[in-house]
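Below is one structure, written out as structure tokens, with a few remarks after it.
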Amino acid sequence: MNFEAAKKRSLVLREQLDKWNYEYYVNDAPSVSDQEYDRAMQELIAIEQQYSELITIDSPTQRVSGQISEKFNKYVHNTPMLSLANAFNYDDLIHFDEQIKELTGLSEVEYTCELKIDGLSISLVYENHLLIMGATRGDGVIGEDVTVNIKKIKSVPLRIDHPNLTVRGEVYLSLEEFNKINDERIKLGEPEFANPRNAAAGTLRQLDSTIVAKRNLNAFLYYYVNALGDEIQNQYDSLQRLEQLKFKTNPEYRYCSNIAAVWAYIQEYEPKRHQLGYEIDGIVIKVNNLSLYNRIGYTAKNPKWAIAYKFPAEVVVTKLLNIFPSVGRTGRITYNAVLEPVRIAGTIVRAATLHNADFITERDIRIGDDVQVKKAGDIIPEVINYVVERRQQKAKKWQEATHCPECQSLLERVTGEVDQYCINSVCPKKITRGLEHYCSRNAMNIEGVSEKNIERLYKIGYLKSFSDLYQLSQYRAEIIQLENFGEKSFENMITSINNSKQNSLERLLFGLGIRHVGQKTAKLLARQFKTIAELVAMNIEQLSVINDVGPIVAASVVDYFAIVANQQEIALLQQQGINMTYLVTNQTLSQKFENYRFVITGVLSKPREYFKELIESYGGQTSDSVSAKTTYLLAGSDAGSKLVKAQKLNVKIINEEEFNNLLIKEE
Ligand code: IVH
């Protein structure tokens, strides 16, 4: 075939394939057989192989080609991806409606109700009609560029009849696909995914796009960014417009003329939720009229014009087969239930937490009992109680553990505290869990050292402490011989370990696993004391004066650094070049807002969280209420009671422009 003929034929094939694709994946109404579809696809692939200049990013062949990425690039969202506030009952909903009425002055508000799909949100960016970006939400401001994987979702159009558009929605896996994937994983001896959302998230962040192609992810789109700019007046119409543009929307959405109709919709769908074929965790209620959105406004994280009604967690009854204790990184003992497998909200549950010994004793839960189990969102399933009427004579009274299940040392329990602890500082499980925590994403962010690998390296004796991580490279020859531990994964692990040396102090402080020092406290401490040497020199009183650091946290920090083994470990880390100072993200940032307290109110051009981060990165503080100590009230439009209070207290009030000027002003 000559080039001209090939070009013509490829256009015909593309059009056919796009049409069939849409019929099959969006409308669920195929008009041709799979064979016919495959034949056309093969023909197009062959033509494009011969004339590679015919391949463009919107060719249907681009959905099937595989690619292995090293890692995903970061992507900064043009408009932040916000999340929603939750409502849990009728009263919350009425409160939401009343707030909208108050803010808009309307006596009745119209809404659009949609199912809350339990997946993960994505943003699709089209430029010059073409899909150029598919990104995850990330922290709402910065996500990851997963375009190659998004293209594997067949219902997502690669080209649309609109020049420039951003749309958002939810990537999900149907229950059928989810179960198929897990069945396959069981066969291969791989761990199962806990629920469809985890499986979808794991798939979308897969670096090997051929795996993604096999998994049949799907997406419902529900958000037309800047719909008003395209003269779309309400949410309902924006969904219809998305459909005209051939996006897949969830078909169950409904216009509701007032909050009573919303409540009826919720009640209709609650029992229906398990018949849908995909998981939902609630209903999203959005004010229908888009032109009201700016007036209604935003809180730091959420729009105020929408709310997510969360369904109550489903409770099921199953048999309690066994109870066993396990030990965590702090040495705390948790009790776990082995259950007769049971389906809860679409997934099979085999284990649940029983919390601590008191929990079981107080309820007198026994092995062999029928127990109620619930699972809420991504929280671990938990046993609530046993079913009294079903207790059988043979139900065995349960015995509290006296010794650590891992190292057999005697457990301790501080009088008045519920938890038992293994206080053996060299308990293998405490050490490996501690290492896992040290490497975790929010701590030192070391990749490639999974729970399994840590345990293996620990057992062999290469890895017993944090500082050992930085010595692993000397065991290269031995480690790459281990099963499933090739050269490449070894190199990646070492690179990631080395990179962690440059982390700012707060990551290390969090990673050390000091009791009561969570991520936020670690940051506060790092920011305040700048170096670990400074921090170590503090006593309880000096620590307690910091905002948000109470006496319990202070005592815990002091205790930690008083232990000789901890001092030695820190010295070893230091010797190996681990940074122990606080690095402001942007080195040139000054601390110009030091000792300044801001309160933010009203509608601003960006979410409040944005301003909060900015203020904090310049050393300032933010608070929710105006007081005599407030330095500035940053007020957007429609500021209410805080503005009045600031005026009364003579607090300086600035608008966004003045705030920006403060930022750029020379010191
Ligand atoms: S609207 C600014 N609509 O729920 C408004 N979200 O808890 C953005 N979700 O992050 C969200 N189905 O991932 C919206 N029909 C729906 C949704 C939905 C699921 C997810 C989404 C969001 C989260 C909020």
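The values are calculated or read from the model by the stated rules, or taken from the named source; none is laboratory data. Computed from a prediction, not measured in an experiment: that's the story for all the values here. When we count neighbours, we look across all protein chains shown, and the Cβ atoms used for this are built from the backbone with ideal geometry, even at glycine. These area figures cover heavy atoms from the full protein model, side chains too; ligands, DNA and RNA do not enter into them. Shrake-Rupley method; radii C 1.70, N 1.55, O 1.52, S 1.80 Å.
General remarks:
- Number of Lys-Lys pairs in the range 587-664 with C-alpha atoms under 16 Å apart and a separation of 8 or more places or on different chains: 6.
- Rounded if a/c under 1.5, otherwise prolate or oblate - the range 9-127, Cα gyration tensor axes: prolate
- In the chain, taking the dipole from charged Cβ atoms about the Cα centre, the farthest positive-side position among 538, 203, 245 is held by 538.
- Straight-line cross-link partners of residue 248 among the lysines, defined as a Cα under 16 Å from its Cα and at least 8 positions apart when in the same chain: 19, 116, 151, 152, 154.
- Label-point separation in nm, residue 33 to residue 52, each point 7 Å along Cα→Cβ: 3.5
- Euclidean distance of C-alpha centroids, the range 349-408 and the range 90-111, integer Å: 43
- Between residue 539 and residue 2, the FRET efficiency from the beta-carbon distance, with R0 = 56 Å, is close to 0.10.
- Taking 4.7 Å between beta carbons as the limit, the unpaired Cys residues of the chain are 113, 256, 439.
- Potential extension, residue 613-residue 274 segment - 0.36 nm per residue separation minus Cα distance: 118.0 nm
- Taken as Cα centroids, the range 166-181 and the range 630-646 sit 43 Å apart, rounded to the nearest whole angstrom.
- Calculated [θ] (222 nm, deg cm²/dmol) that DSSP helices of n ≥ 4 give over the chain, each run adding -39,500 (n - 2.57): -10500 deg cm²/dmol
- Solvent-accessible area per residue in the chain equals 51 Å², computed with a 1.4 angstrom probe and all protein chains kept.
- Segment residue 623..residue 574, full-extension length gain: 14.0 nm, with 0.36 nm per residue of separation and the alpha-carbon distance subtracted.
- Built from the Cα atoms of the chain, the convex hull projects on average onto 36.5 nm², one quarter of its surface area.
- Cα lying deepest toward the dipole's positive end in the range 1-142, options 47, 134, 85, charges on Cβ: 47
- Estimated vicinal HN-Hα couplings, Hz - the range 421-436 in sequence order (Karplus 6.51, -1.76, 1.60; Gly, Pro = x): 10, 8, 9, 6, 5, 10, 4, x, 5, 4, 5, 5, 5, x, 5, 4
- Partner lysines whose Cα lies under 20 Å from the Cα of residue 397, excluding those fewer than 8 positions away in the same chain, are identified as 319.
- The listed residues 662, 469, 207, once ranked by accessible area (1.4 Å probe) with the largest placed first, stand as 207, 662, 469.
- Rolling a 1.4 Å probe across all protein chains gives residue 255 an accessible area of roughly 90 Å².
- Under a 5 Å amide H cut-off, with hydrogens placed 1.01 Å from N, residue 280 pairs with 118 among residues at least 5 apart or on other chains.
- Largest to smallest in accessible area, the residues 41, 538, 1 fall in the order 1, 538, 41 (1.4 Å probe, all protein chains included).
- Ranking 222, 293 by solvent-accessible area of protein heavy atoms (1.4 Å probe, all protein chains present), from largest to smallest, gives 222, 293.
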